1. Consider region 38-52. How many of its residues are open to solvent by less than 60 Å² (accessible area, probe 1.4 Å) and either aromatic (Phe, Trp, Tyr) or at pLDDT below 90 (or both)?
2. Look through region 41-65, keep the residues that are under 11 Å from the mean Cα position of the chain (by Cα) and outside any loop (DSSP other than H, G, I, E, B), and return whichever of them is farthest from Asn4 (Cα to Cα).
3. Starting from residues that are assigned to a helix (DSSP H, G or I) and open to solvent by 60 Å² or more (accessible area, probe 1.4 Å), keep the ones in region 11-25 and report whichever is nearest to Leu1 (Cα to Cα).
4. Any residue in region 31-52 that's hydrophobic (A, V, I, L, M, F, W, C): show its pairings with residues that are modelled with pLDDT under 95 and assigned to a loop (DSSP other than H, G, I, E, B) at Cβ separation under 6 Å, as long as the two are six or more apart or on different chains.
5. Under 8 Å between Cβ atoms, which residue pairs at least 6 apart in sequence (or on different chains) link something in region 1-25 that is under 20 Å from Trp60 (Cα atoms) with a partner that is open to solvent by less than 70 Å² (accessible area, probe 1.4 Å) and among the acidic types (Asp, Glu)?
6. From the list Leu38, Leu8, Leu31, pick out the single residue that is under 11 Å from the mean Cα position of the chain (by Cα) and either not basic (Lys, Arg) or not in a loop (DSSP other than H, G, I, E, B) (or both).
Amino acid sequence: LLANDPELQKEIAKIKEAGVELFACKACADLYGVSDKLASLGITVKYTGKFLAESLKSGWHVITF
């Protein structure tokens, strides 16, 4: 949805400007063919399994939508 919705892209840009780090799962993004588009929006696209587990253990909070 984010890869193709300009209004949503504007909202995500505001969140990014506020200092929120944005990540997308590379496996999922590749499955939908949107990895390059998400990266062009300033979203870090990476395999998230190990990263997510380590982040949660260190006290990070995850928001998904």
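1. Taking region 38-52 first, the residues open to solvent by less than 60 Å² (accessible area, probe 1.4 Å) are 38-39, 41-43, 45, 48-49, 51.
Right, trim to either aromatic (Phe, Trp, Tyr) or at pLDDT below 90 (or both) and you get 48-49, 51.
Qualifying residue count for the region: 3.
2. Lys46
3. Step one: of region 11-25, the residues assigned to a helix (DSSP H, G or I) are 11-17.
Going one step further and asking which of them are open to solvent by 60 Å² or more (accessible area, probe 1.4 Å), we end up with 11, 14-17.
Numbers: Glu11: 13, Lys14: 17, Ile15: 16, Lys16: 17, Glu17: 20 Å.
Filtering first and then ranking leaves Glu11.
4. Partner pairs satisfying both residue conditions: Ile43/Leu22.
5. Close Cβ pairs satisfying both conditions: none exist.
6. Exactly one residue qualifies, and that residue is Leu38.
The values are calculated or read from the model by the stated rules, or taken from the named source; none is laboratory data. The model shown is predicted, which means the values in this text are computed figures rather than measured ones. Neighbour counts are summed over all protein chains in view; Cβ atoms, including those assigned to glycine, are modelled from backbone coordinates with ideal geometry. In case anyone asks, the SASA skips ligands and DNA or RNA and just uses the protein heavy atoms, side chains included. Shrake-Rupley method; radii C 1.70, N 1.55, O 1.52, S 1.80 Å.
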